[in-house]
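Reviewing the structure listed below.
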Amino acid sequence: MGVIGCIKPNRFYWLLLLSALCKIATNFLFRIEFQRYRFNINISILGYPVLNDHIFVRFIYYYFGYVILGSIFSKTLRINREYIDNDIFKNIKSKALPPLLLIIIIYIIYEMLIFYLDQKSLDCVNFWVLEIFFIHIFLSKTENLKLYSHQILSFAIIFLLSFAPKLISSFFRQCEYPNQDPNDIDEAYINMTKTMDPSLLPIMGEIINQTIRYSIMKANEEGNRICSNKYNIFLLDDYFGYFIALAAVGYLISSILKSYSLVKLSLIKKKSFISSDKIITLMGIIGLALNIILLIISSLFPCGESDLSSNFCSSVKHDETKNNTYYLDNFLNYIADIRDDLFPKNKDVYRRRTPKIIIAEIICSFIMSILGFAKMRIDLSIIEMLGVFHLLIPEVIYIFAKDIYIIIYKVVNNIIDITQITQSIIIIITQFFTFIGIIIYLEIIELRFCKLNENINKNIALRGNEDIEEISEMEPLSKANTLLDNDN
């Protein structure tokens, strides 16, 4: 017998892969980003979709799919009428409705908060692996879970070999900025002086020379600072440095909200027998109504016209005569962005989005709503058939696929250096240990040393069966002794 064993695969494990594929498809269509010096580059299939800048419009598409498809499936998949009409069943459902509504609202807040933070390209402070601790805490309070040795080892692996290395590596150099020699200014000098009056060159030449030299040195300094750690791109902006700390807190809150809502949702499904399709339909109705209201409010009240407003709000109303106006979201801006890309007024101007891409984006927006419904339905099935903790596995698969895709893109386009390769290797290794920690906790693999497998479910069940057999063997003897006592 080896020191490491593997349990028999559960027939529902294919749902984990399917859930990951739904998330991969959605994000690969709309948003896969990486930082390249001062800018964030989106390498998704659609490039730079309009929908990425419109949080409430996006979720209207999203929850519209929940309502339509949830209603269709809940009517198509019929349940035994006698079971539905049972008075006890109706009583259970009526009692479960108020807490269910609260949990749905919490889950919707989590989804919108995480999208907003991702929209600002702040996922560098998203340490989602902490969700395993939050889920365990919430489950232990509701189901009186005990913490066994193999689970302690799982937490240690995730914290020491996944969370800590990723956090520490983020404070070290992330890339190598291509510094330019300040003395190599011949081409720039020629370009700036070729239209100048030759009589002015003796006077202006040295000034232009020093200006170009200073610009190069300044660019090199800023580039090296950006590459020095993962967060400096934000700290370079005035009044924006503190937002990275707020983002870290925001991601932490979103992880807590997600963990809490999923744990409570699993308990409601166990006790009330409410179908997944009805939960999704209800979630769609609440989410759709909430986002329509928020879209109307945000369309009426702009964030402002300053650079600070642009850091917090993504929807832009472009104006050639005055400053741009920024909104948290604005439906008219969404329509205007699509219209201008479908019917460009000036065809000679370079545009990142061609009419074909815009048409593809509109089609993919409805596909996204289908994928969103499918993922939610699959996740609810995972909760019901496997457990809440198993939802962490699709997340690991998605992040691993995203990281590999980014590395391949950088290599193919020759925009990767040795420092980025080192950081990518560290990230992949931390993801590997995250996966190992999770499957140890879920007892998918069995560690047969240092009594780490003593309290896994399989062995607890075996000990329970042995106790039952011992009681069964003792029962005839106790009956015989009772008869003798009666005869005496």
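Listed values, structure above:
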read-out: Checklist (1) of a type outside the set (Asp, Glu); (2) at pLDDT 90 or above; (3) closer than 30 Å to residue 145 by Cβ applied to residue 387, failing item; value: (2)
read-out: Residue 212 vs. criteria in the same structural domain as residue 307 (by TED's automatic domain parsing), surrounded by 11 or more Cβ atoms within 10 Å (Cβ to Cβ) and at pLDDT 65 or above; value: no
read-out: Any hit, the range 351-368, residues being on the phi > 0 side of the Ramachandran plot and modelled with pLDDT under 90; value: no
read-out: Search result, residues across the range 306-339 that are among the acidic types (Asp, Glu) and either surrounded by fewer than 12 Cβ atoms within 10 Å (Cβ to Cβ) or modelled with pLDDT under 85 (or both); value: 307, 319, 320
read-out: Residue check for residue 308: more than 29 Å from the chain's Cα centre (by Cα) and within 22 Å of residue 115 (Cβ to Cβ); value: no
read-out: Qualifying residue in the range 288-303 (condition: aromatic (Phe, Trp, Tyr) and without any contact (Cβ under 8 Å) to a residue 40 or more places away in the chain); value: yes
read-out: Boolean, residue 362 is free of Cβ contacts under 8 Å to residues at least 40 places away in the same chain, surrounded by 17 or more Cβ atoms within 10 Å (Cβ to Cβ) and aliphatic (A, V, I, L, M); value: no
read-out: Residue satisfying condition, being at pLDDT 90 or above and of a type in the set (Val, Ile, Thr), within set 79, 103, 72, 92; value: 103
read-out: Unique match (being touching a Pro at 6+ places or on another chain (Cβ under 9 Å) and small (Gly, Ala, Ser)) among 314, 309, 298; value: 309
read-out: Qualifying residue in the range 248-260 (condition: farther than 26 Å from residue 311 by Cα, at pLDDT 80 or above and within 23 Å of the chain's Cα centre (by Cα)); value: yes
read-out: Residue among 403, 341 that is of a type in the set (Asp, Glu), more than 19 Å from the chain's Cα centre (by Cα), farther than 19 Å from residue 55 by Cβ and in the same structural domain as residue 432 (by TED's automatic domain parsing); value: 341
read-out: Residue under evaluation residue 124, criteria (1) modelled with pLDDT of 90 or more; (2) in contact with a Lys or Arg (Cβ under 7 Å, 6 or more places away or on another chain); (3) closer than 30 Å to residue 404 by Cα; (4) not small (Gly, Ala, Ser), criterion not met; value: (1)
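The values are calculated or read from the model by the stated rules, or taken from the named source; none is laboratory data. Small disclaimer: the values here were computed from a predicted structure and weren't measured. In this analysis, Cβ positions are derived from the backbone assuming ideal geometry, glycine residues included, and neighbour counts consider all displayed protein chains.
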